[in-house]
Every structure is written in structure tokens, then in C-alpha cells.
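I have placed the structure first, in the form of C-alpha cells, so that the comments after it can refer back to it.
The values are calculated or read from the model by the stated rules, or taken from the named source; none is laboratory data. All figures in this text were calculated on a predicted structure; none of them were measured in a lab. Positions of Cβ are backbone-derived with ideal geometry, glycine not excepted, and every protein chain shown enters the neighbour counts.
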Amino acid sequence: MNQSKLMNVLEKLLLPLADKLNNNRYLTALRDGFMVALPLIIFGSIFVVIANFPFLDRLLSEEAYAAYQNALGPASAATLSIMGLFVIIGIGYKMTEHNGLEGIYGGVVSLAAFLIMTPQVLEGVTGVIPTSSLGAEGLFLGIFTAFIASELYRYFVKKNWMIKMPAGVPDAVSRSFSALIPIALTLSVFLVVRILFSFTPFETAQNFIYTVIQQPLTVLGSGLPATIVAVLLIQFFWFFGLHGQIIVNSVFDPIWFALNDQNLKAFQAGEELPNIITKQFIDTFLVGMGGSGMTLAVIALIFLIGRSRQIKELGKLGAPPGLFNVNEPIIFGLPIIMNPLVLIPWLLAPVVVTIITYTAMSIGWVPKPAGVIVPWTTPIGLSGFLATGNAWQGAVLQIFNLLVVMAIWWPFLKILDKQVYEKEKEGSKQ
Amino acid sequence: MKRILLACSSGMSTSLLVSRMKEAAAARGVDVDIWAVSQDKAATEMRKADVLLVGPQMRFLIKKLSQEGAAMGIPIEAIDPIAYGRVDGEAVLEKALELIKRERNPHESE
């Protein structure tokens, strides 16, 4: 069988790649760092949604509406808008813990290192830290800083340079200094780097990372081609039964979150939203339709045209978790993995939906994602509404996309169902 | 009491399986503690478990955890994809119990 040979070869190539991407300690720390920040990000998002409830601006007087928004503002300003801080602490903590040291020291040393690298002046006023640099603008600098600070901290701890206490000093006293030297040395390195940057045309490390790395990467990531590549990679990994979203997210999340944050800022300021591709674009319009590969459409089709007992059972089993975008039963049960018959709709449908959604947003039929983070387990309809800043068009687009996916899957599911149905009939004759 | 830990990306799809496995265990009258966690908690939670079963879509986790698992005598295996797709609590429970048994009496099963 040539086909299964090819599958075997691909499996042998993909498993190590998945292993590398998922188990690389920097990418692991990055993903875990975002996990730490996620509850705060969602808390902030909830209040952005509440502050921007539809029709409120028409129900209330202008002053009352402004007062209402101002009262709720700090909820997102203290979480969502400065998410970089929490991601940095999370990365530093998790990396240091992984290195076998006390995590909290890694968290605070990363945070302090980042603040050292951050501009501490705004329009001539000193002694302030612009909150914008603690959000998406500083995200990439923060990630690199946390990586380097944690590694330096570990290096200096392992060097074991201690302050020698005279004999007779209690052990606990000398141990209390044990974190001092590694932290002092780590932060000194960052201070030197900061001073060196001040002599360059970039002036700050923040500006340097933003201009040289973050800006080009986010511009690339905000485009349709890069998004289609990411979507195809996710689907491709899943086809081999590997969690594509987890693997691809570890690379794309910093970009998608940064784009998200730019939209949030514009949304809150009442300006035009700059980006279509954001974290929400992926989570709401691709994952948020029953899980990766938009399998809610497959479940709906099963109820509509399924005849085989086995496939109908699967539909019943997959529907409740599918509504919350958990779709392993469908992926492994239909099965989608390693099933050449469904490879075409599996790869094609998400790309088509990506293009439709992108187009609908760029011509303005549907508002762009507002930058709020909606948990990926939010059911279809509601997630589209919330993600687009309380716009009904977002929900309608999701439903429309669902119908498109159903149309793409129709002939393939029909064949699959027929095959199983006929096997069942033969089985019952015997 | 047999302690069975399941892990996947966020502990969502494995938790579907947990309830089915508990039903299967109750039907058999086996005394078990079964719970599901997300991948970042797998390494610490496995210390409390007798066996760790990983969702097939996260099978690349096994390599990372296997060294520590071997040192602690905790067998780690990926869940069979077909049983996973069917959310077949009975089959996965059977597998888990078998792995625990084999770990405790390595010669008996051979």
C-alpha cells in the first residue's frame, strides 16, 4: 500500500517536529506564560464587552455614557491593556521553575529586567512608565527579556557565587543572601544593555525590538498569506492526529496577541480598527465553530444526511462538546485523522472560511475583531457577537460560514456515510 | 484505590473521557480516582497518580514526561485513538488498570 507508506513517512517527519515545537523550553515557557495571563486578559475583556453594550450609547445621555465607560475602564486598563507584564512574569516563573529553581524569583527578575529596558519618560515627563509599552508594544521585548533574564539568573545561581559570612553567622542569614547575587548580576547586565542602547539611533531597546522584529513580524502575520499558511499547518497536524492548534499557536500567539491589542486600543479610542487577523480572528472564526476544522458543520451534516448507525451515534456523542468547540470525538471518531477521503474538505474548508471572513471584514460588511479575548470555548454565534465588539454581523458571519463548510463537506460526508452504512447492512445480513 | 491521570492540551477532551471512565469503574465496582489536567500541569500532577494517559493528539508530550515517569514508576502511554474518538471509558479504564498491574507485578503479565 503506497498510501499508507506515505502516511508513515509523514508521521515520522511530523511527530519530531511537533515534539520540537511543543517541547522546546522557550516555546513551552511562552505558552505557559500566556496561560498565566489568560484569566486576567479574559477578566479585562468581559469589562470591555460590558462597557460597550449595544444601544447603551443611545439610551444614556452623552455624559452618563462617558461616566459609565470611565467607571469600568480600570478593569481592562489594569489587565488586558498591560498584558505584557503578566506574560513576562509567567514566562520568567515557568522557565525558572523548569530550571529547578524557585519560580517566583525568575518571575520578578524578568519583570524588573523588562522595566529596566522600558522607557521611563513620556513626552518630557520623567518618573512615568507609559502603559502602552506594557501592552502589545512591549510584548516582544518582554518575551525576549524574560527568556534572557531567566537564563542569566540560572547561570548566576549555578555559578554559586556566595557572600561568605563569618563563622557564627546563622545559616539562615547567609541563605537569605543567596538570591541577591544572581538577581543583582542579572539586572546589572540589563542596565548595561539599556545604557548601550541609549547611544544608538534607536535610543531604547523597546524601540529597537519593536522596529526590527515586532513590526515586520506583525505586518507579515496580519496578512492573508501567512494566515492561510498557519491555518493549513494546523489542519495538517490535526490530520495526523496531532494537536495543530497548540503546536502552531506557540509560534503565532505573540503576533496574534500583539495585533489583537492594537485593535483593542483603537476600539476603546473609537478609532478605525487596524487589523483583521488577530487572536480573535483565529479563535472565533476558525476554532469557534466547533473546534479546529470547524467540525460543528460536520455534526450538523450528520444530523441532516447521516444514515449509518455508527456515524449518527458519533454525531450524538460529538454534539454537546462540539457546541463548546471541543471536537476530539469527531476528529478521532469519524475519523478525520489519516482518512484520505476527508482530506480535501478538511484542508479546503478552513481556507475558504478564512478568505470569506477576511473579505467580509475588509469591505466593511462585518466589523473587525475589537480586541477583546473571548474564551475559545464560547459557543458559535455568541463568540462572533462578542469578538466583533457586540456586533450582530459577527454572529451572522459565523452562521454563514457554517453553511459554507457544510456545503464543502456534503459530498464527502455522503460518501463516507454510505460506505459505513453499507458495511453495517452487510454485517446485519450475516 | 487506583489513581488514573489523563492529560491533553487543556484537559477538556480528556475530561469527557473521565466521566465515562468513572461510570465504567462504578459498574465494575473498582475503586478509582480519575482526573484530567492540562499539559502544563501534567508533570506535577503525575506525582499523585499511578498511571498517566495522554490524549493521542498530545502524544508528543510523552517523550518529555517519560524520564520522570520511569524514575517514579508511573507508566505513561497515549490513549488509543479509536477508543478516544468513541469516548470509550470502558476500554481506556481497562488499559489503565492493566498498565498499573504490569508496573506493580512486571513478571506476572509476561
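Restricting the first member to the stretch A:127-154 and to residues that are in the same structural domain as residue A:185 (by TED's automatic domain parsing), and the second to residues that are assigned to a helix (DSSP H, G or I) and of a type in the set (D, E, K, R), the beta-carbon pairs closer than 6 Å and six or more apart or on different chains are A:135/A:261; A:136/A:261. Against the test of being among the hydrophobic types (A, V, I, L, M, F, W, C) and not in a helix (DSSP H, G or I), the options A:43, A:47, A:53, A:114 yield a single qualifying residue, A:53. In this structure, residue A:325 does not satisfy being away from chain B (no Cβ under 14 Å), under 28 Å from residue A:91 (Cα atoms) and modelled with pLDDT of 90 or more.
Here residue A:256 meets the list (1) out of contact with any Pro (no Cβ under 7 Å at 6 or more places or on another chain); (2) under 18 Å from residue A:228 (Cβ atoms); (3) within 14 Å of chain B (Cβ to nearest Cβ) almost entirely, failing just condition (3). The helices (runs of 4 or more DSSP H) located wholly in the stretch B:1-103 that include 1 or more residues which are over 20 Å from residue A:329 (Cα atoms) and either aromatic (Phe, Trp, Tyr) or facing chain A (nearest Cβ under 10 Å) (or both) occupy B:39-45, B:61-72. Where helices (runs of 4 or more DSSP H) sit wholly within the stretch A:149-222, those with at least 1 residues that are touching a Ser or Thr at 6+ places or on another chain (Cβ under 9 Å), among the charged types (D, E, K, R) and buried (at least 16 other Cβ atoms within 10 Å of the Cβ) occupy A:180-197.
This table checks each residue for (1) exposed (fewer than 14 other Cβ atoms within 10 Å of the Cβ); (2) outside any helix (DSSP H, G or I); (3) on the phi > 0 side of the Ramachandran plot.
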| position | (1), (2), (3) |
| --- | --- |
| A:353 | no, no, no |
| A:370 | no, yes, no |
| A:376 | no, yes, no |
| A:384 | no, no, no |
| A:390 | no, yes, yes |
| A:393 | no, no, no |
| A:396 | no, no, no |
| A:406 | no, no, no |
| A:416 | no, no, no |
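Among the criteria (1) within 19 Å of residue A:95 (Cβ to Cβ); (2) surrounded by fewer than 20 Cβ atoms within 10 Å (Cβ to Cβ); (3) among the small types (Gly, Ala, Ser); (4) under 32 Å from the mean Cα position of the chain (by Cα), the one residue A:146 does not fulfil is (2). Name the single residue that is surrounded by the most Cβ atoms within 10 Å (Cβ to Cβ) among those in the stretch A:76-127 being touching a helix residue (DSSP H, G or I) at 6+ places or on another chain (Cβ under 9 Å), under 30 Å from residue A:178 (Cα atoms) and polar (S, T, N, Q). The residue in question is A:110.
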